[in-house]
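As structure tokens, the structure follows; a few thoughts come after it.
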Amino acid sequence: MSIVVQPQKPQKFTIEGVKFFKKHLDKIKLHSMVTDDPLTTSEISVFMILHLYTDEMGQIRSFTNDSDVSERKQLCISNIAAEHELTYETVKKAFDSLLYKNYITEVYTDSAMHYEIVDYAKYNQEMIAKNNNAFERSSYFRIPLILFQEKIFGKLITQRYHKGPILLLDLCQYFTVQIGTTRRSVDDVKNIQGIRTMTYLKKSLNTTAKRVRNFLTIVHNVFQFKPLEEKIKHPNTERNKRKRTFVQICIDKFSFSLNGACFKENDNQKQRKTYARCKKEMSARIKNSNIPVKWRDMLDINKSISRMVNLSQHYQVVSLDTKMLNQIMFKVADTLETLHNNNELKNINRLGAFVNKCFTNALNDFNDSLSESENMDIMIDYYNKYGDYPTFIK
């Protein structure tokens, strides 16, 4: 009997946010259940916030995305406290605890020091052999950027919602799964909803129904909960002691959804995946070769990679887009590694600008290897689309 495999439809929407691995969530849940020194609300919150500033290899070279902050102050914890409306003492204590509990680690290079999220690079590159030639990537989900922009972590910490951040991570995982693993195509994000009972929320937060409703008020701009089943309890007239004089409304079940602003439509999914792959490959080469790269330089390198990915689409007409990217990426990475091994990298003042020039030179070398017919096909295709001849090829 043959099995008909239905082709998976392309994912139409994605969550605009930062990557968080399921194995990190499992570790947090396990660590929060221990009776001896469990993870606190502030520690989990700061660990989530740190994912805003990490690269593809889990390296953190700055605690802010503000490019105006001086190099000397990029790794000041006060940046996190100021941007997320937390007290410095709370962030400092949580950060030191994360170091002690091996959630983050210090990494020293020849020229500087930076931090890394433990096992981030491992989970990001991990490929598990399964069913002979089939492979399964480490699962992850995305935390919406709006969750950080709403500055809710300070309220969860001050109001002592110890399980609050874990519930938020579970909800983030739920919505990522809904739009990312189903074969059905989601045409409207308003249709992505879930149902949770009050019993579940009370157990997840380890608190009372009153504090559950307060928690839902705190996060309502991100996760919107609406009552489904309500029960009205009237005062019992037969009671003589501790008699309740008011009408009580009990909610047994909620429907919940994610703010529509957290989603974005995949306009060019293939190109986005190609950029993510190239960025990951370059980050891995830089890390494995112990090349000292500053945060701003890495931003410039990623811009150069994005430029190459955008240009690669014009080589699809001759089926050379993948070869073009691979050859250019390897050549630039080899150049950086050679300069580092020869101790010549320190003589370069602006590494980002130098790498951008290396990409341009590598592209020119690749164009020189094209045949006359391939070169002509690319130019004609570009002219038919844009009404002019390309400047990146001659």
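The values are calculated or read from the model by the stated rules, or taken from the named source; none is laboratory data. All values reported here derive from a predicted model rather than from experimental measurement. Here the Cβ positions follow ideal geometry from the backbone for every residue, glycine too, while neighbour counts run over all protein chains shown.
Before moving on, here are some points about what is shown:
- Check on MET329, among the hydrophobic types (A, V, I, L, M, F, W, C) and closer than 28 Å to LYS122 by Cα: yes
- Qualifying positions in segment 189-205 - under 28 Å from the mean Cα position of the chain (by Cα) and surrounded by 14 or more Cβ atoms within 10 Å (Cβ to Cβ): VAL189, ILE192, GLN193, GLY194, ARG196, TYR200, LEU201, SER204, LEU205
- Failed item, numbered, when LEU50 is tested on (1) over 21 Å from THR90 (Cα atoms); (2) surrounded by 20 or more Cβ atoms within 10 Å (Cβ to Cβ): (1)
- Restricted to segment 275-334, and to residues there that are over 30 Å from LEU75 (Cα atoms), in contact (Cβ under 8 Å) with a residue 60 or more places away in the chain and touching an Asp or Glu at 6+ places or on another chain (Cβ under 6 Å), the residue that is surrounded by the most Cβ atoms within 10 Å (Cβ to Cβ) is TYR315.
- Identity of the residue in segment 335-391, assigned to a loop (DSSP other than H, G, I, E, B) and of a type in the set (Asp, Glu), that ends up nearest to the chain's Cα centre (by Cα): GLU344
- Residue pairs whose Cβ atoms lie under 7 Å apart, sitting 6 or more positions apart in sequence or on different chains, and linking a residue in segment 25-53 that is assigned by TED's automatic domain parsing to the domain that holds LEU167 and among the aromatic types (Phe, Trp, Tyr) to a partner that is surrounded by 20 or more Cβ atoms within 10 Å (Cβ to Cβ) and not in a helix (DSSP H, G or I), are PHE47/TYR103; TYR53/ILE60; TYR53/SER62; TYR53/PHE63.
- Helices (runs of 4 or more DSSP H) contained in segment 8-84 and holding at least 1 residues within 30 Å of SER204 (Cα to Cα) and of a type in the set (S, T, N, Q): 22-33, 41-50
- Any hit, segment 288-299, residues being under 24 Å from ASN367 (Cβ atoms) and in a helix (DSSP H, G or I): no
- Residue under evaluation SER42, criteria (1) more than 23 Å from LEU86 (Cβ to Cβ); (2) buried (at least 17 other Cβ atoms within 10 Å of the Cβ), criterion not met: (1)
- Residues that are in a helix (DSSP H, G or I), touching a residue at least 40 places away in the same chain (Cβ under 8 Å) and within 19 Å of ALA209 (Cα to Cα), drawn from segment 152-166: LYS155, LEU156, ILE157, GLY164, PRO165, ILE166
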